[in-house]
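The values are calculated or read from the model by the stated rules, or taken from the named source; none is laboratory data. Note that the structure is a prediction, hence the values are computed from the model and not measured. Glycine gets a Cβ as well: all are built from the backbone with ideal geometry, and neighbour counts include every protein chain shown. Side chains are part of the model used for accessible areas, which takes the heavy atoms of the whole protein and leaves out ligands, DNA and RNA. Shrake-Rupley method; radii C 1.70, N 1.55, O 1.52, S 1.80 Å.
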Amino acid sequence: MPATKDTGPAKRGRPPAFKPPRPVKSAGQKAAAAPKRASAAASRPASAAKKAAPSASKRAPMTTLISSESEAEDDLSDANADEEMEDISEDDDRATSTEATRDPIPANLLIRLLYEGFEDQNTQIQKGAMELVGHYMNIFVREAIARARFERRGAGKGGISDGFLQVEDLEKLAPQLVLDF
Amino acid sequence: MADADKEERLKSALWYSIGQFVDDECVKQNLNATPQFIGALTELVYRQISNTSRDLETFSKHAGRRIINEDDVMLLSRRNEGLETVLKQVLDEMKAKEGRPAVPEKKVRGRPSGASAGKGKGKAKQ
């Protein structure tokens, strides 16, 4: 508990950034991008590093829970996810067979997030409708990545291109994407 | 504080699963994504979900229901024909799996019963 209290005010200071889960994700997985973050981290006092550790350990159970859920639902979603895949990954054929294996957002998490958004406590959602919303968000996320890749390709022709999807790619595509969905 | 904390935790969970997904996709498509990209995408998806849930709630209220059904979800795709086609296909498949006949245009399959039950409750109170 004290860990989250500490991180709260620290975050208040900066713009609506997406700070919180970074320690969990980044430490293990993104070694390549380490230099950028290292400089960002260096600007913070050493105590910030200490704070990150407890919050990471605190989140660990939550994340493991989710991963197990998403694995469980992989089997369920395989059949349905098949044909929308073809629409989105036009130019990468090896992706089509394996892409259906995972949903970007586990069903339980999506339900929870939807219920958070309801203003009326009594609002409920049917199971079939829920499944459909899952597909909708699935398409949304895939579309975002596909468009980001497209943006990156276009940007790469001008100068340096390292195939890293950047925030600026997302910035360019976000308005149209949100209009389309 | 409790609210903010809850939101943070939900976002963290979303961040984690989006991150996993993006990493998977990147491996498949021979790409890379910066952590900042994943964070921004998480934020975008989070906002999209809360907008979606508002929309769905409004749609079902407009239809006089308290329970969101498939028709409400189909309304989400009203501005995007391609999306509508895909969702309709998924919906038909879901129905076929449940052994119900796929009704292409208007779905008149007794869901009003749930809605009328909701209404009935409301009326009974008055």
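Values as computed for the structure displayed
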quantity	calculated
Matching residues, region A:142-181, being of a type in the set (Gly, Ala, Ser) and modelled with pLDDT under 90	A:Gly154, A:Ala155, A:Gly156, A:Gly158, A:Gly159, A:Ser161, A:Gly163
In region B:56-93, the residues that are outside any helix (DSSP H, G or I), surrounded by fewer than 16 Cβ atoms within 10 Å (Cβ to Cβ) and at the interface with chain A (Cβ under 7 Å from one of its Cβ atoms)	B:Asn80
The lone exception for A:Asp120 - which of (1) touching a residue at least 12 places away in the same chain (Cβ under 8 Å); (2) farther than 13 Å from B:Gln48 by Cβ; (3) not in a helix (DSSP H, G or I) it fails	(1)
Considering residues of region B:21-45 that are open to solvent by 30 Å² or more (accessible area, probe 1.4 Å) and more than 7 Å from every other protein chain (Cβ to nearest Cβ) only, the residue modelled with the highest pLDDT	B:Val27
A:Ala146 at the interface with chain B (Cβ under 7 Å from one of its Cβ atoms), within 24 Å of B:Pro35 (Cβ to Cβ), surrounded by 17 or more Cβ atoms within 10 Å (Cβ to Cβ) and small (Gly, Ala, Ser)	no
